[in-house]
Amino acid sequence: MKHSITKKFINLLIVFSLVFISGTITTYSEGSQNLLDSGGDRPYIDYRSTDIVTQIPRKTILYVYAKDGETINLGSSANGIGSGSISHTDPQNNTTQCLTTEGVINNLSEELAGPLPNSGGYTPCVINVSSATEGIWEIEFTSPDPTNLIDPSPISVTDSWSQSSNRSYILAWDVTVRDNNGDEKTGRTYANYIAWNMGRPTAQISSEVFVKTRDSYEYKIDFNGIEPWGFIFFSNNKGVTDLDGNPTRQSLQLEGQNPNFTTPTGFTFHRPFESDTAENVTNKIFFTKPADDLPQSSTLKGQSIWLDGTLPPVAQVSNFQFNGLDGTPNTGGTFDKGGNFTFDSTAAGRYRIDIDVNGDGIYDNNTDKTVEGVGIVGNNSVYWDGLDGNDNPVSASQADIGVRLSYTNGEIHFPFIDVENNNNGIIIERIEPTPSDFSVYYDDSNLSTAFGNPPLPVSSLISPADSQNGARAFSDKFGDGRLIDTWTYQLVQAAELANTITLREADIRISKNHVPGVYEQGSSITYYLDIENSSQSNDSAQGISVIDNFPAGLTNINWSCQITNDQSGDLTNECDDISGTGDIDTTLKLNPGATARFTIVAEVSATNGTTLTNTATVGSGLDSTDNNPNDNESTDVVYIGQQADLQLSKSLAGSLVSGSTAQYNINVENLGPNTSVASFDLKDTLPSELTFNSISNSSTNQGWSCTPNNQIVNCTYSNDLPVNQTTDLEIIVNVE
């Protein structure tokens, strides 16, 4: 981390002179001079009226908390120059403008000294805070010409300066709070976002700021020489989200042209000028370490605003497990079936479950899946649909799947908008709660590398990067026209699933038939029900459900089950019930290729002349998916009673003469025992010398229709044919 020897020397001289002359030690003021300590180039703040980036106005608005009896001392290098001014709005929403004869910072020396009575300081615009105006004040430093978007000239933090009279930036500013003893109270001034301008893309900002969250986490940000030109910096709790408000944890390629960048379709983020909600919070950017005496909330423009919070309790997470939807440990089905992760937590937090779907031991491949959400006290259940990171079904043939659980508190994001280069890498340190932590996360894998040099690695999505000496360095304008998001959190606990997950699928087939024969009321009938595991993924299946609800025309039903094709595998092939009576509702265990047969014997109670329709079904097995459900059902139909005995005779009427037609007479008689036959089909195959012509117009042909198919004549009789009755068909043929 770099420091300016010149700046430190000047400050030491100021302090020394104050001690020598008055005997009182006064701390530094709070303002732009705090941004100069680490060297680099000067960061100007923008105040532009016509420049909006991703819906964010390029106007830096400041806020300061002050108590009854304290004073707020304001100064700006732009006050009274052109349109430059200083406005302050009290906690009750009353706005006043400072006089142009006060609050003017004229040069670098006055900026470093701070407000009078500091030796060499500027004459401040002073606000006396009363009990009625205790709270948060809004401070607005207007630039000399908010409509002039010409960038400032870049200068070093040690260079002398002069405020331009026709530009949209402020060189120096100050917001210093003093108590009734004249002692300065630091850590009171903050911004929701900062619109900064460096003057050119190669100018470096090395300033430090502090970020405080609603739940009292504090971070120190060292920009460490980034080269951003004009950029916006803010911090929130989610970063980039989808349209449902879920964090996407990735950077964004913005659309359009500077300064009118927009976010791409399908993505958004909570704008830092918008009010906080229960779900979306903008963190506060301080210019020194936040004061320890900040209240949890105070009044800003008539509204209650948070200033501090209570650190959440550290959670203990245990009993991390995975069970399929049917309750099988470490096993689930494919094709959207999946299963549930469960774990217990002693405190609320945010969980992240990373699933190594291809089993390679790396958790941030494109195909790997992340499931995340808000954890509660007690038992948590998280559904995984069995899909990978690209929303494709995870194949049962893939390797065993490893899983990691991270449970975190205080997630915080640090988005930069339109930062060209980050050559040294940013430094982000959590300072509260202690111990400090420099871990950061990022993901730029979705950004095109057609231009610029991306960070190496391009993603640190699962395993954190250490930012103590700078992290996610990029160059060659890789960040130009992009929202670059870096985030971190307090990792409360991490755990790996004790066992890997297996996803199973098995094609279970069923077929049902009866022993051929003639069945009458009172006779016995035998059915066979065959179930096969025809899995192509070599997955065994257990808990295969078999359901057969028999029709009312069967009684005294007895069945037995046995393995008829025993194949080796993960299981012992088994009928969970080897016998039973009545309807079948049981389960099987089958390895790939194995078959089980149910033999069912029943007595026919149905009357003759009826049919018995029986449908049996089979399931896929517990926590296994059947990828071909079309063969999970089989239907068998039995006709009860004797079938009709139809007697057929055929004769030629006359002789066959080449080139003429001839007639065949066909006679069909119902010999019983059924009283009548509703309809039947007849097929007549003609020799090659004959072709079908027609059926005769004789009345004996009533009820018949015939259709030729080459030498085959297919005929159908559609009337009733009573027992012991006959029907005649006369077919006319052509003789070649």
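The values are calculated or read from the model by the stated rules, or taken from the named source; none is laboratory data. Here the structure is a predicted model, which means the values were calculated and not measured. A quick note on method: Cβ atoms are made from the backbone with ideal geometry, for glycine too, and the neighbour counts reach across all protein chains shown. Surface areas here come from the heavy atoms of the whole protein model, side chains and all, with no ligands, DNA or RNA. Shrake-Rupley method; radii C 1.70, N 1.55, O 1.52, S 1.80 Å.
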Quiz item: Which shape class applies to the chain: rounded if a/c is under 1.5, otherwise prolate when a/b exceeds b/c and oblate if not, where a ≥ b ≥ c are the square roots of the Cα gyration tensor eigenvalues?
Solution: prolate
Quiz prompt | Check: the range 589-669 dipole with +1 on Lys, Arg Cβ and -1 on Asp, Glu Cβ, in debye | solution = 280 debye
Quiz item: Where both residues lie in the chain, what percent of DSSP beta bridges are antiparallel, nearest 5?
Solution: 95 percent
Practice problem: Just the number, please: carbon plus sulfur as a percent of the accessible area of the chain, 1.4 Å probe, no ligands or DNA/RNA counted. | Solution: 46 percent
Quiz item: What is the range 98-164 by shape, rounded, prolate or oblate, if you read a ≥ b ≥ c off the alpha carbon gyration tensor as root eigenvalues and call it rounded for a/c under 1.5, prolate for a/b larger than b/c, and oblate otherwise?
Solution: oblate
Self-check item: Positive dipole terminus of the chain, leading residue within Gly121, Thr661, Gln250 (C-beta point charges)
Solution: Gly121
Self-check item: Span from the the range 144-187 Cα centroid across to the the range 203-234 one, whole angstrom
Solution: 18 Å
Exercise. Pick out, from Thr213, Thr408, Pro393, the residue whose Cα sits farthest towards the positive end of the charge dipole of the chain, with +1 on the Cβ of Lys and Arg and -1 on the Cβ of Asp and Glu.
Key: Thr213
Quiz prompt | Helix 5-22 axis, angle to the chain major axis (alpha carbon atoms, nearest 10°) | solution = 50 degrees
Exercise. Would you mind pulling out the separation of the Cα centroids of the range 472-531 and the range 339-409, in Å?
Key: 14 Å
Practice problem: Please give the calculated 222 nm ellipticity per residue for the chain, where each DSSP H segment of at least 4 residues contributes -39500 (n - 2.57) and the sum is spread over every residue; nearest 500 deg cm²/dmol? | Solution: -1000 deg cm²/dmol
Quiz item: Distance in nm between label sites at Phe267 and Asp292, each 7 Å beyond Cα in the beta-carbon direction?
Solution: 4.2 nm
Quiz prompt | Lys, Arg +1 and Asp, Glu -1 on Cβ, resulting dipole of the range 543-692 about Cα centre, debye, nearest 20 | solution = 720 debye
Practice problem: Report the antiparallel proportion of the DSSP beta bridges in the range 46-123 as a percent, rounded to a multiple of 5. | Solution: 75 percent
Quiz item: Which of rounded, prolate, oblate describes the range 131-212, given a ≥ b ≥ c as roots of the alpha-carbon gyration tensor eigenvalues and a/c under 1.5 marking rounded, otherwise prolate only if a/b is larger than b/c?
Solution: prolate
Exercise. Report the one residue of Leu671, Asn627, Leu99 whose Cα lies farthest in the direction of the positive end of the charge dipole of the chain (charges on C-beta: Lys and Arg +1, Asp and Glu -1; origin at the Cα centre).
Key: Leu99
Exercise. Might you tell me the accessible area per residue for the chain, computed with a 1.4 Å probe and given in Å²?
Key: 42 Å²
Quiz prompt | Calculated from backbone phi, Karplus (6.51, -1.76, 1.60) coupling profile of the range 349-356 in Hz, x at Gly/Pro | solution = x, 10, 9, 9, 10, 9, 10, 7
Quiz item: Going 7 Å from the Cα of Thr685 toward and past its Cβ, which residues in the range 707-732 have a backbone nitrogen under 14 Å from where you end up?
Solution: 709-714
Quiz item: Once you put a point 7 Å from the Cα of Thr346 and another 7 Å from the Cα of Leu116, both along the Cβ direction, what distance in nm separates them?
Solution: 5.9 nm
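For a 22 Å ceiling on Cα separation, which of these pairs sit above it: Lys67/Lys284; Lys337/Lys369; Lys59/Lys185?
In this structure, Lys59/Lys185 exceed 22 Å between Cα atoms.
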Quiz item: Taking θ as phi - 60°, what are the ³J(HN,Hα) couplings along the range 317-327 by the Karplus curve (6.51, -1.76, 1.60), each to the nearest whole Hz, with x for Gly and Pro?
Solution: 10, 8, 6, 6, 9, 10, 9, x, 4, 8, x
Quiz item: Size of the dipole of the chain about the Cα centre, Lys and Arg at +1 and Asp and Glu at -1 on the beta carbon, nothing else charged, in debye to 20?
Solution: 2340 debye
Quiz prompt | Cα-projected label distance for Asp466 with Asn693, points at 7 Å along beta-carbon direction, nm | solution = 10.4 nm
Exercise. Quick one: which residues, 5+ away or cross-chain, put their amide H under 5 Å from the amide H of Leu461? H built at 1.01 Å from N.
Key: Tyr442
